[in-house]
Amino acid sequence: MRLFPFSAIVGQDLLKKGLLVNAVDPTIGGVLIRGEKGTGKTTAVRAFAAILPVKETVVGCRFACLRGVPPCSECRSREESGERLSYEERLVEVVDLPLNASEDRVVGSLDLEAALREGSKKFEMGVLGKANGNLLYIDEVNLLDDHVVDVLLDVAVSGRNVVMREGVTYSHPSRFLLVGTMNPEEGELRPQLLDRFGLCVEVSGEKEIALRKQIVDRVLSFEREEPEFLAEW
């Protein structure tokens, strides 16, 4: 899928700055982008992910453990058995969180029968496992279940997902850039959750005719795949 270049986005300086600040320090706790439809929120988020530096991850790890970060239990077991972990470079991806996602779909689930019968921890990875080292994008975050948002924000700060079911515990690294977007006209986010985002950026459509014309010109050039546009941006 072709992505509109991040550097070619007209205006929206606060939006772009909020994304870049979180890229420098993900422990800030994510950014919430509030604005009406048609202000380029989703375009900016997907374009931003494309300019992030590649990540180094453990080869063969389903959680894509990152170099320099405490690994998952599966990678630790491989190291304890004498294996020397090797790494590969991967591009940062955008992981979308569906609005109808349940808590188990988000954090993952444990097979309790296997744990009780065999003493093994069989863990089915959730969205937070796939998000490790990537950008986790929640469109219309204000329409997501409050409890799920709370869990996401906890993990965004700690960098680790811990699942506990009936005395059985499983944890794995989950370091990601959290970006949520919302249209205030469709409902507000509870103040308790709003306060937990590291940054909140308000965006609005450009009013100046010259800027609006520039936006249209760049979009048309992008859609026509003009060589001059692609070379410049």
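Computed from the coordinates by the stated procedures, all read-outs in this text should not be read as laboratory data. Nothing here was measured: the structure is a model prediction, and the numbers come from that model. Quick reminder, even Gly has a Cβ in these numbers, built from the backbone with ideal geometry, and neighbours come from all protein chains shown.
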How far, in degrees from 0 to 90, does helix 13-24 lean away from the longest principal axis of the Cα atoms of the chain, to the nearest 10? 30 degrees
Among Val58, Val10, Phe123, whose Cα sits farthest toward the positive end of the charge dipole of the chain (+1 at Cβ of Lys/Arg, -1 at Cβ of Asp/Glu, about the Cα centre)? Val58
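Say the cut-off is 20 Å between C-alpha atoms; which of Lys17/Lys55; Lys55/Lys130; Lys37/Lys213; Lys16/Lys207; Lys37/Lys207; Lys16/Lys37 go over it?
Those over the limit are Lys17/Lys55.
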Each residue of segment 189-196 in turn: what ³J(HN,Hα) in whole Hz from Karplus with 6.51, -1.76, 1.60 and θ = phi - 60°, glycine and Pro shown as x? 8, 4, x, 4, 7, 4, 5, 8
For the chain, calculated [θ]222 nm from helices alone, where every DSSP H run of n ≥ 4 adds -39500 (n - 2.57): -10000 deg cm²/dmol
Straight-distance crosslink candidates among aspartates and glutamates, where the alpha carbon sits under 16 Å from Lys41 and sequence neighbours closer than 8 are dropped: Asp13, Asp96, Asp139, Glu140, Glu185, Glu186, Glu202, Glu206
Under the rule of at least 5 residues apart or a separate chain, name every residue whose amide H is placed under 5 Å from the amide H of Val201. Leu32, Ile33, Arg34
Show the residues, 5+ positions off or on another chain, whose built amide H is closer than 5 Å to the amide H of Val95. Leu135, Leu136, Tyr137
Note on the chain: contact order normalised by length, alpha-carbon pairs under 8 Å, 6 or more apart, percent, works out to 30 percent
Estimate the FRET efficiency between Glu124 and Glu88 by the formula 1/(1 + (r/R0)^6), using the beta-carbon distance for r and 25 Å for R0, to the nearest 0.05. 0.55
Answer with one residue from Ser204, Val163, Leu193: the one whose Cα lies farthest towards the positive end of the charge dipole of the chain, charges on Cβ with Lys, Arg +1 and Asp, Glu -1. Val163
Whole-Hz ³J(HN,Hα) from phi, Karplus 6.51 cos²θ - 1.76 cosθ + 1.60, for segment 173-183, glycine and proline x: x, 8, 9, 8, 8, 9, 10, x, 10, 7, 10
